[in-house]
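Written out below as structure tokens is the structure these notes cover.
The values are calculated or read from the model by the stated rules, or taken from the named source; none is laboratory data. Quick caveat, the model's predicted, so the values are computed rather than measured. Positions of Cβ are generated from backbone atoms using ideal geometry, with glycine treated the same way; all protein chains shown enter the neighbour counts. Heads up: the accessible areas ignore ligands, DNA and RNA and are worked out on the full protein's heavy atoms, side chains in. Shrake-Rupley method; radii C 1.70, N 1.55, O 1.52, S 1.80 Å.
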Amino acid sequence: MKRLWRPAVLWLVCLVYTLFQGGKTSIMLLMMVSILMVYWALSSWIGLRKISGSRSLSMEGGPGGQMQAGDQVQVKLNLEHGGWAPHPFIVVRETLKRHSGSSWAFEESVIPRFRSGAQISFQTPPLERGRYTFAETECSAEDIFGLIKHSRKFDFKGEFYVLPRTVFIPYWHLTDRNSRFAGPENALSLSRRETTQINGVREYVYGDRLSRIHWNATAKTGSWKSKEFEHESLPKTVMVLDASQGSYPDPAEFELAVSTVASLLDYSARERMSIGMCTVGSRFTGFLPTDHAEGRQRMIQHLVDIKADGQGHLRDRLAGRRELFAPSTFFVLISSRADKEILETLQWAKSNQMSPYHILIGEAPQNEQVLASLRQQGLRGIVVPSLQELPVSMRGGRYV
């Protein structure tokens, strides 16, 4: 009964006062404090032992718990108290932890009702990409005089993940049969000609020929629609995400790189491309090229909690993974660097009969020596300054 030492001291003081002072006033005071001692004893004995609860989440991403960066979560916490609650209010503290170590705390006081408990609802701020878990819910309460404090923790399991931001990419010039980025030696083998078999209807893209317009769909929907034709097979594509520790001085650039990879995965799903991915962080993780939805889902899940914590030379870490980099493969390197190490990595890909392609995150490089080396080697790439400009860059915004 450690919580009762303050009321006990108060009762002893009143008892001593009554013994030495006497009189009706002292006796009445002792009786009042004695009655309050009964209340404090009950409060200390009951405490928060009879409280139970549950947590429910309502996510903007819909069923399945899949959310995209920028979404919010509605949290409902139900507290039930069986019987009489000796506390005028209960303070509830919730902590939401992200995989990176950052956290967000919510605190609110509620008044418990007799045999009905209380309900708390709150909304998280817009969440960034990552895996989130709820820490133990902490409840604390005091008696009406503030002399006895009770606390209890509940472990309501709650975990969800937030996918990277994505943007719709209507066209990627790398997959066009007239693209010069594949190199003249592979232009014929890397062509992806359209067949005469109509596969469906898509949104109109500026530059579509008049013969591609689907007039019936346009008339029914009121917006321009184009015919979508089946394509011949396209060589495999492997995206390499540079997750080195010193590659991204600004964390926002790494988030942009991850969003670029996720957006290209969405594009490959629509175009039924065979695409793979590898991330070069603290450990190397590779996914073989596939055109199945399950394979792409595993890649997306891997991007949820990846960090820029890799070390070592990029080319050396890729050289030992021959199974991912077959000849004639599109080698797409996503990085915020355009230095000598990146140049050597692209040259390594070209020497292994792959078609290197660099997606530079951030501003265009200012190093003229590196640019001259890229032009001399016939290497090409684009610059992506922001996620909103990614669709425009994918149409062929070269930096070389």
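Under 7 Å between Cβ atoms, at least 6 apart or on separate chains: pull out the pairs that start in region 249-266 with a residue that is farther than 19 Å from His173 by Cα and end on any residue that is in a helix (DSSP H, G or I).
Val258/Leu303
Collect the residues in region 203-218 that are at pLDDT below 80 and open to solvent by less than 50 Å² (accessible area, probe 1.4 Å), keeping them in residue-number order.
If the condition is that a residue be at pLDDT below 80 and open to solvent by less than 50 Å² (accessible area, probe 1.4 Å), then Val205, Asp208 are the ones that fit.
Only residues in region 86-109 that are open to solvent by less than 70 Å² (accessible area, probe 1.4 Å) count as the first member; pair them with residues that are of a type in the set (Ser, Thr, Tyr) and assigned to a loop (DSSP other than H, G, I, E, B), Cβ under 7 angstrom, at least 6 apart or cross-chain, and list the lot.
From residues that are open to solvent by less than 70 Å² (accessible area, probe 1.4 Å), the pairs are Leu96/Thr124.
Please give the helices (runs of 4 or more DSSP H) falling wholly within region 267-364 in which 1 or more residues are touching a Lys or Arg at 6+ places or on another chain (Cβ under 6 Å), aliphatic (A, V, I, L, M) and buried (at least 16 other Cβ atoms within 10 Å of the Cβ).
Per the criteria, 293-304.
Being free of Cβ contacts under 8 Å to residues at least 40 places away in the same chain and either of a type in the set (D, E, K, R) or more than 9 Å from Leu343 (Cα to Cα) (or both) is the filter here; which residues of region 368-378 pass it?
Within region 368-378, Glu368, Gln369, Leu371, Ala372, Arg375, Gln376, Gln377 qualify.
Among Thr279, Thr285, which is free of Cβ contacts under 8 Å to residues at least 24 places away in the same chain, touching a strand residue (DSSP E or B) at 6+ places or on another chain (Cβ under 7 Å) and among the polar types (S, T, N, Q)?
Selected residue: Thr285, the only one of Thr279, Thr285 that is free of Cβ contacts under 8 Å to residues at least 24 places away in the same chain, touching a strand residue (DSSP E or B) at 6+ places or on another chain (Cβ under 7 Å) and among the polar types (S, T, N, Q).
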